[in-house]
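This report concerns only the one structure given below.
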Number of protein chains: 4
Amino acid sequence: MSKLLSQKITPSPMPAEISVVDLIDGYFTAYNSARLREICHLLSREVMKEGVTVGLSLSGAMTPAGLGVSVIAPLMRNGFIDWIISTGANLYHDMHYGLGLDLYASSPFLDDVKLRQEGRIRIYDIIFDYDVLLGTDAFIRQILKAEPFQKRMGTAEFHYLLGRYVSEVERKLGVKHPSLLATAYECGVPIYTSSPGDSSIGMNVAAMALEGSKLVIDPMLDVNETAAIVYSARESDIPDVEGKSAALIIGGGSPKNFLLQTQPQLHEVLGLEERGHDYFIQVTDARPDTGGLSGATPNEAVSWGKVDPEELPNTVVCYTDSTIALPILTAYVINQCEPRPLKRLYDRRDELLAKLKADYEAAKQRPSHPAPEPISIGVTKQPVATYPCGTPIRNSRH
Amino acid sequence: MSKLLSQKITPSPMPAEISVVDLIDGYFTAYNSARLREICHLLSREVMKEGVTVGLSLSGAMTPAGLGVSVIAPLMRNGFIDWIISTGANLYHDMHYGLGLDLYASSPFLDDVKLRQEGRIRIYDIIFDYDVLLGTDAFIRQILKAEPFQKRMGTAEFHYLLGRYVSEVERKLGVKHPSLLATAYECGVPIYTSSPGDSSIGMNVAAMALEGSKLVIDPMLDVNETAAIVYSARESDIPDVEGKSAALIIGGGSPKNFLLQTQPQLHEVLGLEERGHDYFIQVTDARPDTGGLSGATPNEAVSWGKVDPEELPNTVVCYTDSTIALPILTAYVINQCEPRPLKRLYDRRDELLAKLKADYEAAKQRPSHPAPEPISIGVTKQPVATYPCGTPIRNSRH
Amino acid sequence: MSKLLSQKITPSPMPAEISVVDLIDGYFTAYNSARLREICHLLSREVMKEGVTVGLSLSGAMTPAGLGVSVIAPLMRNGFIDWIISTGANLYHDMHYGLGLDLYASSPFLDDVKLRQEGRIRIYDIIFDYDVLLGTDAFIRQILKAEPFQKRMGTAEFHYLLGRYVSEVERKLGVKHPSLLATAYECGVPIYTSSPGDSSIGMNVAAMALEGSKLVIDPMLDVNETAAIVYSARESDIPDVEGKSAALIIGGGSPKNFLLQTQPQLHEVLGLEERGHDYFIQVTDARPDTGGLSGATPNEAVSWGKVDPEELPNTVVCYTDSTIALPILTAYVINQCEPRPLKRLYDRRDELLAKLKADYEAAKQRPSHPAPEPISIGVTKQPVATYPCGTPIRNSRH
Amino acid sequence: MSKLLSQKITPSPMPAEISVVDLIDGYFTAYNSARLREICHLLSREVMKEGVTVGLSLSGAMTPAGLGVSVIAPLMRNGFIDWIISTGANLYHDMHYGLGLDLYASSPFLDDVKLRQEGRIRIYDIIFDYDVLLGTDAFIRQILKAEPFQKRMGTAEFHYLLGRYVSEVERKLGVKHPSLLATAYECGVPIYTSSPGDSSIGMNVAAMALEGSKLVIDPMLDVNETAAIVYSARESDIPDVEGKSAALIIGGGSPKNFLLQTQPQLHEVLGLEERGHDYFIQVTDARPDTGGLSGATPNEAVSWGKVDPEELPNTVVCYTDSTIALPILTAYVINQCEPRPLKRLYDRRDELLAKLKADYEAAKQRPSHPAPEPISIGVTKQPVATYPCGTPIRNSRH
C-alpha cells in the first residue's frame, strides 16, 4: 500500500541507450514493475537517509546465485544495511565464495539421479561438486574447534566469528571480492539467523556437539538483541532527526517473521510501548491467501503492531523473483544514494541490550502493571485493550 | 528448457554506474533472472537475425501501462516484430494514447465503490476517467461508419484500418509518440486478435451491427492467414539463410494458443508437413500445473507439434511480471541488435494465403491421403501415427 | 470480498466417516478453504434459487479431465447453469468423450520428444493418441459439410448444431454418459466462445473455408446475444422474485472477460442503464497484480460497472486449482439444492435480442442522448459522469 | 514425480450422494486434483503401514484455522504421525484452543488500522482479541517459571513440557477436543521447531531470560535427535518388514528443510551411509523457480541425497492451499487406514541418539576416514566422489 502516486503516464519510445535509473523511472509504470519502482524511490528518497536503521531479512537462494558478494556486500559497505536476519543456507553457501570454491550457472532441467551419481549438487539451476559441500563442512568443523567458539553465544557473535575466519581465508587465498560474511564482519553488521540448527552450518555445529564441543547457540539472545536494536532505532543520535526502523524483506519465511516480531516483542511481551516499523518493503512470490507468513501483508502486520498504522503509505510489496528485483534495486540505490556512515551495531549489542533490559525492569515496576493470572486461564474480556504493563492501547497518537 | 549454460558464477560488487546490458549479463545469474538473461541472449544472438519471422502474442494490461507506445512500437519500428496476436483490450486501451486521452499511474488499493461514484475506471493501479472510455467508444463507432468497414474481413485488415484512422488523429492532434496501432499500420505489421468480440472494440462493432453496419469480422480468415505466415516463415528469401519461426509470448491466454496453433493447423488439420516453431520464448506468471494453457510448457507443446522437438534448447520461460520483463528485454535488444528491414507481412497476406491454399489442395490430391471415415467414429489404432495426408510422422529428421 | 462471516472456530476431530458437505462446513475454516466453503454456501443458499440467471465461464483443461461429463453436464441437467462461455479447447476435447475416444490419466513428467515420436499428445498429465485428434478433426470436418452449417451464425447456434451431431453419435455408439456439448444441446443451454478461431474446432472450420464452406462465425452476434441474456436476467418472470445475474468463473482468460463485459456493453456502449452482475464467483490461480484480466478482482470490476457496487458481499474468489474446486462445489450443490427448471435460453435468443434491440433504439431516440463528437477527440471533462444516453451515473441508489 | 498411473479416464455424472473417498477417487482426475488423489493413495496404500516412520513438517497458519485440533491431533492419535517439525507460530496459536480462548472465522478484507484501534488481531481471515495473545503469553511465562524448565534442553522436551501443562489446563477447563500440543504429549510424538526463538513462544522464553530464567533451548540437540530418528527408521523392529522414512510436508519454509536435512546430516556430515527419505509428499503453493527452498522439488532433493534416487516414484507435490488439502487427505486416510500402534518416539530419544553417536564414533575410527585438510582450502577435485568417511558414493545399489 505504497503512497498514492497519481501521475499521468507519458510513455516515450525506448532509446538505444538508457541507464538503469531511467529504465525504472520511465518504463516501470504499472503492476509489479511499478511496485519495484516505488521500492527504488522509497529506498533512495527516505530509507537510505540518516536516522533510519535498516534491517534486512534474507531467504531464498540468494548467495548461491552470487548475490551475497555482488549485491548484499556492497550494500553493507555503503552503509545501507545495518543488521541482517538470514537463513542459515544463505550464510553456508556464501562461504563457498569466501573459500574460493566454484559454483556454476546451469539449467533447472537436469537429471538429478545422474547428478547424484556424478557427485553433483543442484540448487535449481546452480550446480556444484559434492566436494564443495565437503570442503566447506571440513572448514567449518576445523574452525569450530577454536577457543572463541567454546561457549554459549547468540548467532550474531557466531556469524561474526565465522566472518572473521572467512575473511582471513579470503585474504590468504587472494579472493578478489569479499563474501557477505566477511563483509559483515568488517563492517560490524550483525547477522542473525532465526533457525540456527537448520542448514549445513547448524549440521556441523551439531556434529561437533556429538564430539564434545562446548559451543551452544542460544536463540533467545537473538530475540532480545534484535528487539534491542529496533528499540534503539527510535533514537537517531542525530539532532532534529527522528529515528526510524525499516524492514527490507527479501523473500519471506522465518527470517521475515523474526525481523517483524521485534515490535510485538517490545509491546506485547515486554510491555514497552512501541509503534511498529516505519518502513515495510518486501520482494516475494508468496501471496497473502495461502496460509504462510511469507505472504502476510503490511496491513495484516498493522493489526499485530508490527507496522505502525500511520506508516502504511511507507509499505510496498513487489511480487516478483528476488533474483530480478534485488540487483535492480541495488543498482538504483547505489547510483542514487550517498553512502551512509556505518552504524556498526555489532559493536553496540551489549549497550543496546542493557538499555532494553533496564527499561523492561522499569516498566515492570510501574504500579499499573497487571500480573495476568494464568490460573484463571479464561481471560476476561477487558473493556479497553491494554499493553501488558496496563497502559491502554492508544487509538491514535494525538 | 534453455540451452545448458554451465558457466562459473563470478560475482563482482555492483558499481555505482552500470548499464542495463551489464546489469543483466553480470547480475542475473540464477532462477528467473537467469531465464530473463537467457531470453535477452537468445533474442539478441539468434532471433533478431535475418531469416527469422517473429510473432508476438500480447496479453495482460500492457498498453494501459503505456508499453504499447514505449516498448512494442519501437520494437516494430526496428523490425523486431513481424506479426502480432493481441487481446482486444490491449488494442482498445492503446487507442487512448493515440487519441491523446490521459491515463494515470496510481495505487491498486483504492475504494472501487467510490471510484464508481466518481466516474473513474481502474485497471489494477491505473486510473482514468469514464470519459476516456466513452470518448474512445464514440471514436470507434464514428469511424466504423466509414465505407472501408462495410464488408467481411479478418482482424488484420480491421486493425490496419483502425490504425490508419488512429494515425491520422495522432497527426492532427500532434501526439508525440505513436501508438501501437498506428505504428503497426505504418510498418505493415499485421495484428490479429483471437477473440474479436471480446473487448470494448468488439462491443462497439456489435453495437453498430445492431444499427445495420455491414461489417463482419471473420475469425477463420485469421486462422488461415496466421497459418500461412508461419508456413512461409520457412522460406527466408535470403540465400543460404534458413527461414525460422519465433514465438514471443507475453502473458498467455488465448493469444498464446492462437500463435502456437498455427503449427498443428498446418500438419494436423491441413496435412502439410511441418516441424513446429523454432523459438518459444514466454514471460508469464502462469504455472504448468493448474490447468490453463497459459502455463503449458514448451515441452508439452512438442508433443503437439507446436514446437520442433529438436529446438527445445531454443525455448525459455521466465516466470515474472511482464511489466518488468518487457521493458528490460526491450532495452537489451534495442541496444544490442541491428534494426532489421521491415517484412511488411500485412502487404503479403494474399500472396501467403494463396500459397498455403495451393499447397493444401496439392496435398489433398496425393493418393496416400486417407479420408478418415467419420461414420466409424471409433478410430482404429494405427501401428504408425501419420499425418492426415497419410505420411508417417517422422521420428527424426535424418 | 465475501460477506463478513464472523463465527467462532470450533474444531472437532475428523471422524472416520464424514460426508462431503460436513467436511466443507466443518473443516474448511480459513484461507482458500474458507473461500471454497463460502462459494458452496453462496451457491446453495442464494444463487441456485429461482430468479437467478447463472452464466458459467470455462477455461483451463476441464473437459480433457472428464469434468465436462462428470460435473458440468449434471449441473446443466439440474438447471444450475443457464448459459456458458467456454474456450474452444474445452468444447473440442469434450467431443472426444462424446465420440467414445480414450484419454488417459498419466504423469506430467514424461519425455515429450519421445511422446511426439510415438504419436502421443500430452495435456499436462493427460495422455492420448494423436489419432484422437485426427478422428475428432475428421468428424468435425464431415459434419461441417451438412446443410445447417452453410450460413453465417453465432457460436451458440454453431455449438448447438455440434451438440446435436455429438448427441446422435453418443446414442449410436452407446456412450453411457453424455458429453457437455450433447447435454447443452438437450437442455437448451447456449454455449458461446469468445475466440471462435482459437482451438482445433476453429482450425477445422478454417480448413473447410479453404475448401469453400459457406459457414461464417460472426462473433458480434455473440456479443449482442450475451448482452441480451444478461439484460433480460433482471426480469425473473416469477411474481415477487427479483431477477438476478450470477457470473460463475472457472479459471479466467478471455471467457471471463466475455462474461463480464455484458454489463459495460449494456450501459457504456448501448446506453441502457444497468447495474452489474449480482454474483461474482471465481476459482482461479491468477493473482490481481501481474497484469492479466484473469486475476482482476470483483472490486476492480465494480469500477467498470461489471459488478454492482452494492453486491460486493456477494463476490468470492477462491485461489486454487479448478480441478479441485469444481468437483467439490458440484458435490455440495447437487447434494444441497433442489434442481431448477431449465430456462432453455437457447430457444429464447431471438426474443431476447429483439428486446435488447428495441430498448436500444428507444434509448437512442431520447432527446438527452448526446452524440459525442469524435472529431474533437479531446473529450472535455464533464462535471458529472454520464452514460452514453446522457443520464448521469447514479452515485447511489437512494 | 508420482508413479506413472496411466489409466483411462471414465467420468460419470456426479451423484447427489457421494462419499469423500469416492469424490477423490472418481473426480480428481488431472492437474493438482490428481496429485491430491495420488497423495491419498500413496498415504493409504504405502505410507500408513507398519514399518514406516512418518515425519510431518508444518508451516502456514494451520492451527489458527483449528486444524491442529481437527486434523493433526486425530492423525497422531491414530498413529499416522510419528514426529513433527513445526513453526513456533503453529504451536503458539494451538495453545489458544487448549486454553479455551476464542478465534473467529472472518474476512480477509477488513480495515487493519481499525482492528488495531479495537485491539483485534488478524491472521488473514481469522480474527481474535489482543487479550488472546496477552492471556496465552501470561500462561507461557507463568509455567516457564516451573522447575522442569530450568535447564538446557531441545525443543522436543520443551514442547513436551508445554503439552503437559496445556493438557492439564484442558482437563481443568473441560476443553472438549484436545489441542495438538496436548495430544502430542499424550501420544509421545516429539515436536521440534527449527526456529526456537521465532514466534511468541520464543519471545516469552526470551523475556524470561531477561528475568534470569535458566532455560536454554539448544537447537543442536534437535539436529542430532531428528537425524537419529531418521537413522533408526531403517530398522522397523518388525520381522520381514523393511523400515522406511516418510516426509509429509505441509507448506515449506524452514520446517521443510529441517525435516529433509536429516539425511545429509547422516551422510554428508556424519559420514554414515544413508539413502534418503523413501517418501516425499508435499502440499505447497511455492514453485521451484523463485529461489525458495519451499518450492524445491523432490528431484532436486535427490541430488542432495535428501531423497533416495530409486524412490522418485514415491514423491508427490500438490500445488494447492494446505487448508484445502489437509482436511481432504485426512478424511481419506482416517477412513481408509487401520490405526497404527503409537511409536512413542519421544520416549526413545535418548536411545536413538546413543545409537547414532556410537555409529558416528565407529565410522570415524575406520582407517579410510580422510581428515579433509581445511588449511588447503582449495579442495582438490577427486576422481570419485566419496562420503566424508571415504566411502565412494555408490552409483547404484546393486
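The values are calculated or read from the model by the stated rules, or taken from the named source; none is laboratory data. All figures in this text were calculated on a predicted structure; none of them were measured in a lab. A quick note on method: Cβ atoms are made from the backbone with ideal geometry, for glycine too, and the neighbour counts reach across all protein chains shown. Heavy atoms of the whole protein, side chains included, go into the accessibility calculation; ligands, DNA and RNA do not. Shrake-Rupley method; radii C 1.70, N 1.55, O 1.52, S 1.80 Å.
Hey, what do the phi angles of region B:239-247 turn into as Karplus ³J(HN,Hα) couplings, whole Hz, using 6.51/-1.76/1.60 and θ = phi - 60°, x for Gly and Pro?
Once θ is set to phi - 60°, the couplings for region B:239-247 become x, 6, 10, 6, x, 9, 10, 10, 10 Hz.
Answer with one residue from D:G188, D:N257, D:L272: the one whose Cα lies farthest towards the positive end of the charge dipole of region D:184-298, charges on Cβ with Lys, Arg +1 and Asp, Glu -1.
Working it through, the farthest residue towards the positive pole turns out to be D:N257.
Could you work out the mean count of beta carbons from other protein chains within 10 Å of each residue's beta carbon in D:205-212?
6
Run the helix sum for the protein assembly as shown: -39,500 (n - 2.57) per DSSP H stretch of 4+ residues, divided by residue count, reported at 222 nm to the nearest 500 deg cm²/dmol. Can you show the working numbers first?
Numbers: 56 runs with 624 residues, N = 1592.
Rounded to the nearest 500, the figure is -12000 deg cm²/dmol.
Rank by packing, highest mean first: peptides C:345-353, A:46-54, D:358-366, with packing defined as the count of other Cβ atoms within 10 Å averaged across residues.
Top to bottom by mean Cβ count within 10 Å: A:46-54, C:345-353, D:358-366.
Distance from the Cα centre of region D:25-68 to that of region A:219-284, in angstrom?
Going from one Cα centre to the other spans 37 Å.
Which entries of B:K145/C:K151; B:K145/C:K357; B:K214/C:K355; A:K306/D:K176 show an alpha-carbon separation above 29 angstrom in the structure shown?
Listed pairs above 29 Å: A:K306/D:K176.
For chain B, set up a Gaussian network in which alpha carbons nearer than 10 Å are linked by springs, and say which option among B:L134, B:L101, B:L58 fluctuates the most.
B:L134
Between copies, how far apart are the A:D359 label points? List them in nm, one decimal, shortest first, with each point 7 Å from Cα toward Cβ, please?
For A:D359, the other copies' label points sit at 5.1, 6.4, 7.6 nm, shortest first.
Please compute the modelled spin-label separation between A:K355 and B:E242, points set 7 Å along Cα→Cβ, answer in nm with one decimal.
Each label point is offset 7 Å from its Cα along the Cβ direction, giving 6.9 nm.
Which one of A:G60, A:G212, A:G68 has the biggest mean-square fluctuation once chain A is modelled by GNM with Cα springs under 10 Å?
Among A:G60, A:G212, A:G68, the largest mean-square fluctuation in the Gaussian network model of chain A belongs to A:G212.
Inside 10 Å of the C-beta atoms of B:265-273, what's the mean count of C-beta atoms belonging to other chains?
Mean number of neighbouring Cβ atoms from other chains: 4.
Hey, in the GNM for chain A with a 10 angstrom Cα cutoff, which one of A:I126, A:I84, A:I72 fluctuates hardest?
Top of the fluctuation ranking is A:I126.
Over the heavy atoms of D:R164, what accessible area does a 1.4 Å probe trace out, to the nearest 10 Å²?
For D:R164, the solvent-accessible surface is approximately 80 Å².
Run the paramagnetic zone check for A:S12: 7 angstrom along Cα to Cβ, then residues of region B:319-360 with backbone nitrogen under 19 Å.
Within reach of a label on A:S12: B:327-328, B:330-332, B:334-335.
Starting from the amide H of C:S57, placed 1.01 Å from N in the peptide plane, find each other amide H under 5 Å away whose residue is 5 or more places distant or on another chain.
C:I85, C:L248, C:I249, C:I250
Mind listing the long-range amide H neighbours of D:G243? Cut-off is under 5 Å, sequence gap 5 or more, other chains count too, H placed in the peptide plane at 1.01 Å from N.
D:S236
In the full protein assembly as shown, how much of D:Y319 is accessible to a 1.4 Å probe, in Å² to the nearest 10?
Spelled out: D:Y319, probe radius 1.4 Å, area about 40 Å².
Under the definition of Cα pairs under 8 Å and six or more residues apart, what whole-number percent is the relative contact order of chain A? Kindly include the intermediate steps, with their values, before the conclusion.
Values: 670 pairs, mean separation 89.2, N = 398.
After rounding, I find 22 percent.
With r as the distance between the Cβ atoms of C:K145 and B:R348 and R0 = 30 Å, compute the FRET efficiency 1/(1 + (r/R0)^6) and round to 0.05.
Details: r = 31 Å, r/R0 = 1.04.
Rounded to the nearest 0.05, the efficiency is 0.45.
Please identify the helices of chain B, taking whole runs of DSSP H, that span at least 18 Å along their own axis as judged from the Cα atoms and have a mean Kyte-Doolittle score of -1.0 or higher.
What comes out of the filter, once short or polar helices are dropped, is B:130-144, B:155-173, B:219-232, B:322-336, B:349-365.
Note the distances from A:K172 to each other copy's matching label point, with points 7 Å along the Cα-to-beta-carbon direction, in nm, sorted shortest first.
5.8, 7.9, 8.4
Suppose a student asked you for the relative contact order of region B:205-276, using Cα pairs under 8 Å spaced at least 6 residues apart; what percent would you report?
24
Tell me: how much accessible area in total is hidden between A and D, 1.4 Å probe, Å², nearest 100?
Looking at A and D, the buried total is near 8600 Å².
Averaged over its residues, how many other protein chain Cβ atoms are within 10 Å of peptide D:279-290's Cβ atoms?
6
If I ignore ligands, DNA and RNA and count only protein heavy atoms, how much of D:C187 is accessible to a 1.4 Å probe, in Å² to the nearest 10?
Only protein atoms counted, so the area is about 10 Å².
Enter the accessible area per residue of region B:82-149 (Å², integer; probe 1.4 Å; all protein chains in place). If you can, show how the numbers build up before the last one.
Working: 1710 Å² over 68 residues.
For region B:82-149, the solvent-accessible area averages 25 Å² per residue.
Could you check the spin-label model distance between D:V21 and D:R366? Points 7 Å from the Cα along Cα→Cβ, value in nm.
In this crude spin-label approximation the distance works out to 4.6 nm.
Could you please point out the chain B residue with its Cβ nearest to the axis of the rotation taking chain B onto chain D, and the distance in whole angstrom?
B:R287, 3
Report ³J(HN,Hα) in whole Hz for each residue of region B:299-305, in order, from the Karplus equation J = 6.51 cos²θ - 1.76 cosθ + 1.60 where θ = phi - 60°; Gly and Pro get x.
For region B:299-305, the Karplus curve yields 4, 4, 4, 4, 5, 8, x Hz.
Amide H to amide H under 5 Å from D:S107: which residues, 5+ apart in sequence or cross-chain, H placed 1.01 Å off N in plane?
Here the answer is C:L5, since their amide H atoms fall under 5 Å of that of D:S107.
Carbon and sulfur: what percent of chain C's accessible surface (1.4 Å probe)?
Of all accessible area on chain C, carbon and sulfur atoms account for 52 percent.
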